[in-house]
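The structure under discussion appears below in the form of structure tokens.
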Amino acid sequence: MTRIPNDLPLFMSYGVAGALSDVKDVQLLLESLKHQEGDRLVVQYRNDSTHAD
């Protein structure tokens with residue numbers, strides 16, 4: 001994760017019903033991406049979404 005450039009735009013979308021990861025896993029991932037510059041990391045959380053959506 002540390003090799004991802006700080007200025008690389010990233011978009012992450014996740015939901016409460018995701019089968020491949022849970023909310024705690026996503027929070028760990030977001031913590032590891034906290035070095036991203038300003039608005040380069042966009043995160044969307046959906047209560048009505050699953051991984052296949």
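Is it the case that the range 41-51 has a residue that's within 10 Å of the chain's Cα centre (by Cα) and modelled with pLDDT under 90? Scanning the range 41-51 turns up at least one residue that is within 10 Å of the chain's Cα centre (by Cα) and modelled with pLDDT under 90. If you filter the range 25-50 down to residues that are closer than 15 Å to Leu8 by Cα and of a type in the set (Gly, Ala, Ser), you find that the one that is surrounded by the most Cβ atoms within 10 Å (Cβ to Cβ) is Ser32. Selection over the range 1-35 of residues that are assigned to a helix (DSSP H, G or I) and in contact with a strand residue (DSSP E or B) (Cβ under 7 Å, 6 or more places away or on another chain) gives a count of 2.
The values are calculated or read from the model by the stated rules, or taken from the named source; none is laboratory data. Please read all numbers here as calculations on a predicted model, not as lab measurements. We place every Cβ from the backbone using ideal geometry, glycine too, and count neighbours over all the protein chains shown.
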